[in-house]
Amino acid sequence: MNISVIGSGHVGLVTGACFADLGHQVLMVDHDRKKIAALKAGKMPFYEPGLEELVHRGVEEDRLRFTTSTAEGVRHGTIIFLCVGTPARPNGEADLTAVEEVVRDVAQAVREYRLIVEKSTVPVQTGEWIARICRGSVRRGVACDVASNPEFLREGQGLQDFLHPDRIVLGVESKRAKELLLALYKPLNAPAVVTDVKSAELIKHASNSFLAMKISFINSVAQICERVGADVMQVAEGMGLDRRIGRAFLDAGVGYGGYCFGKDVAAFTQIAEKLGIDFQLLKATARVNAEQRQRLVKRVEEALWNLNRKTIAVLGLSFKPDTDDLRDAPSIDIIRSLRQEGAVIRAFDPQAMAQAKALLPGVTFCKSAYEAVRGADCLILMTEWNEFKELEFARIKKLMRQPLVVDGRNLYQPKTLQQLGFRYIGVGRGEPWDQR
Ligand SMILES: NC(=O)c1ccc[n+]([C@@H]2O[C@H](COP(=O)([O-])OP(=O)(O)OC[C@H]3O[C@@H](n4cnc5c(N)ncnc54)[C@H](O)[C@@H]3O)[C@@H](O)[C@H]2O)c1
C-alpha cells in the first residue's frame, strides 16, 4: 500500500519506518527542512533504540523516502497519517495549529480518494473539524475519509510497542476506511477496537489521563508510607497482583514527565471544562505531579541542611530511560529549583546531554556517573537508565564529599547502600521499624 506520514517526529518516524518494514511504500513528510535533509543523509533526529537500523533498511530497500512537500505526500499516499505535534497552549488546551495547517494543505492537494488518519493526540471532535475542512476544500466528486488511529507507543520502546501493541484503536465513519485500516494493520495480529471517530479520540485522552492518575495516586500513597515507615514498593506489589488494578504505572518516584502525559491531562481537563464538566480527578493528578518534583527538592534540602554551595550529582536527565527526550522532564524543574537555592549541579545522562546544555545553563555536564559524583554532597538518581543499575557504590562513596543518595526512582536496595555507609532516601520508603 502507498502510505504518507506527515510529521517525522517520535511518532511519525517510528510509524513510517515500521510500515516500510512491513512492506509498504512510505513517504515521510515534514516541514522542517533540516530534519528531512538529515534523514536523507541517514541521520536520526532523536534517539530511539533500533530506529536507525529500521530507517536505513527501509531506505536501502527503497520503501522509505523523505520530502518536505505535503502535496507530494498527498499524491503518494492513499492513506495519509497526521503525526504532527499537538503541544499545550498556556491554558492547557491542545494547540491544533499544525494539525489545521496540514489538513488545509492536504485537502487542497487531494485529487482522488484519500483516507486522512489522525495519529496525533487530538481533542475529541477534531475529526469533525477535519471532515469539515475536507468538505469545503476537496474537489467535488472526490471522496475523502477521516479516521482516528491514536498511537500508544512509549518512547524508548517505540518499535516494540508499534509492532506488538496491546490493541489497535480505529475510529472510522465508513466501510472503506475500516477495511483499509484493518488490512494495513492485519500483519500485526493485534486486537482491533473499531469505534466511531469521537470515541477513538476519547480513548487516547482517557488512557493517558488514567495512567497519569495511577502515577499520582501511588505518589500520594508514597507520602503516607514515608510518614508511617511503610514501603510503597511492597504496597504497589500487593495492589498490583490484583488483576483489576495491575502493577503497571504504580511506581512511586519523581512523577511523570515527557511530551504526552502533562499536556494530555491538561487538554482533557480543558475539554471537560468546555463541556461544563469539572474533572476534578485530573486537576488533582496534575497538582500532585507538580508537587512531587518540589517534594524531592525539599527532601534534598532537608537532608543537606541547606543547599547553598552544596554540590549535587544528578544521574539521568531524560524523562525516562532509552530516550534523549527532555520535554517536560522532571529533571529540568528539579535542577532549576536546586540551582535557585544555590546548589552546584554536576549531571550525567547517557543520551540527553547535548539537548540539556541549552536548557540548563550553569550545569556542569560530566562524561560518566563517576565523574559526576566527584566531590558531591548528594547523588540524585533521576532516570533509571540500565547503566545506573549496577554502579560501584564503594567507589562512589570514596568520590563523594558526603555519602547521601536520593533515589528518585526507587532503583536501589536501601539496605545495600546503608551497609556501605550511605544515607539513603527513596520515595515512599520509610525508615524500617527498628530504626524509627
Ligand atoms: N512522543 C510520544 O511518545 C507520543 C506517543 C503517542 C502519541 N503522541 C502524539 O503524537 C503527536 C506527535 O508527537 P511527537 O512526539 O512525534 O512530536 P514531535 O515533535 O517529535 O514530531 C512532530 C513533527 O511534526 C512536524 N510538523 C509540525 N508541523 C508540521 C507541518 N505543518 N507540516 C509538516 N510537519 C510538521 C515537526 O517538524 C516534527 O518533526 C502528538 O500529538 C503526540 O501527543 C506522542
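The values are calculated or read from the model by the stated rules, or taken from the named source; none is laboratory data. Just so it is clear, the model here is predicted, and its values are computed rather than measured. Neighbour counts are summed over all protein chains in view; Cβ atoms, including those assigned to glycine, are modelled from backbone coordinates with ideal geometry.
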> Taking Ala190 and the conditions (1) assigned by TED's automatic domain parsing to the domain that holds Cys144; (2) part of a helix (DSSP H, G or I), which numbered condition does it fall short on, given that it satisfies the others?
Replying inline: (2)
>> So Arg89 passes all but one of these: (1) within 12 Å of the ligand (Cβ to nearest atom); (2) under 26 Å from Thr285 (Cβ atoms). Which condition number does it fail?
In response: (1)
> Picking from Gly58, Gly16, which residue would you name as being surrounded by 15 or more Cβ atoms within 10 Å (Cβ to Cβ), assigned to a helix (DSSP H, G or I) and over 20 Å from the mean Cα position of the chain (by Cα)?
Replying inline: Gly58
>> Step by step: first the residues of region 283-323, then only those that are part of a strand (DSSP E or B) and of a type in the set (A, V, I, L, M), then the one that is nearest to Glu48 (Cα to Cα). Which residue is that?
In response: Leu315
> Does Glu155 fit the bill of being surrounded by 17 or more Cβ atoms within 10 Å (Cβ to Cβ), in a loop (DSSP other than H, G, I, E, B), modelled with pLDDT of 95 or more and more than 16 Å from the ligand (Cβ to nearest atom)?
Replying inline: no
> Thr269: among the β-branched types (Val, Ile, Thr), assigned by TED's automatic domain parsing to the domain that holds Ile396, within 12 Å of the ligand (Cβ to nearest atom) and modelled with pLDDT of 95 or more, yes or no?
Replying inline: no
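Yes/no per residue for (1) part of a loop (DSSP other than H, G, I, E, B); (2) out of contact with any Phe, Trp or Tyr (no Cβ under 9 Å at 6 or more places or on another chain); (3) more than 16 Å from the ligand (Cβ to nearest atom):
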| residue | (1), (2), (3) |
| --- | --- |
| Trp129 | no, yes, no |
| Asp145 | no, no, yes |
| Leu159 | no, yes, no |
| Glu179 | no, yes, yes |
> So, of the residues in region 373-387 that are crowded, with 20+ Cβ neighbours inside 10 Å and touching a strand residue (DSSP E or B) at 6+ places or on another chain (Cβ under 7 Å), which turns out to be nearest to Leu326 (Cα to Cα)?
Replying inline: Met382
> Taking region 6-18 as the region of interest, how many residues are touching a Gly at 6+ places or on another chain (Cβ under 6 Å) and more than 10 Å from the ligand (Cβ to nearest atom)?
Replying inline: 1
> Within region 57-76, which residues are touching an Asp or Glu at 6+ places or on another chain (Cβ under 9 Å) and among the hydrophobic types (A, V, I, L, M, F, W, C)?
Replying inline: Leu64, Phe66, Ala71, Val74
> Here are Ala252, Ala222: which of them is outside any loop (DSSP other than H, G, I, E, B), modelled with pLDDT of 95 or more and in the same structural domain as Thr323 (by TED's automatic domain parsing)?
Replying inline: Ala222
> From the list Ala290, Ala252, Ala286, Ala212, which residue is under 25 Å from Asp333 (Cα atoms), surrounded by fewer than 16 Cβ atoms within 10 Å (Cβ to Cβ) and either of a type in the set (Gly, Ala, Ser) or within 16 Å of the ligand (Cβ to nearest atom) (or both)?
Replying inline: Ala290
> What residue, of Met400, Met353, is within 30 Å of Ala286 (Cβ to Cβ), at pLDDT 95 or above and not acidic (Asp, Glu)?
Replying inline: Met353
> Residues of region 33-53 being part of a helix (DSSP H, G or I) and farther than 12 Å from Ser8 by Cβ, which ones?
Replying inline: Glu52, Glu53
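Residue by residue, here is whether (1) in the same structural domain as Leu163 (by TED's automatic domain parsing); (2) aliphatic (A, V, I, L, M); (3) touching a strand residue (DSSP E or B) at 6+ places or on another chain (Cβ under 7 Å); (4) without any contact (Cβ under 8 Å) to a residue 60 or more places away in the chain holds:
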| residue | (1), (2), (3), (4) |
| --- | --- |
| Asp32 | yes, no, no, yes |
| Ala38 | yes, yes, no, yes |
| Phe46 | yes, no, no, no |
| Glu53 | yes, no, no, yes |
> Going through region 327-350 one residue at a time, which ones are within 20 Å of the chain's Cα centre (by Cα), buried (at least 23 other Cβ atoms within 10 Å of the Cβ) and either assigned to a helix (DSSP H, G or I) or within 16 Å of the ligand (Cβ to nearest atom) (or both)?
Replying inline: Ala329, Pro330, Ser331, Ile334, Ile335
>> Can you go through Val74, Val84, Val103 and tell me which one is near the ligand (Cβ under 10 Å from one of its atoms) and either in contact (Cβ under 8 Å) with a residue 60 or more places away in the chain or out of contact with any helix residue (DSSP H, G or I) (no Cβ under 7 Å at 6 or more places or on another chain) (or both)?
In response: Val84
> Under the condition of being within 10 Å of the ligand (Cβ to nearest atom) and of a type outside the set (Val, Ile, Thr), which residue from region 19-36 is surrounded by the most Cβ atoms within 10 Å (Cβ to Cβ)?
Replying inline: Met28
> Only one of these conditions is not met by Glu392: (1) crowded, with 16+ Cβ neighbours inside 10 Å; (2) more than 28 Å from the chain's Cα centre (by Cα). Which number is it?
Replying inline: (1)
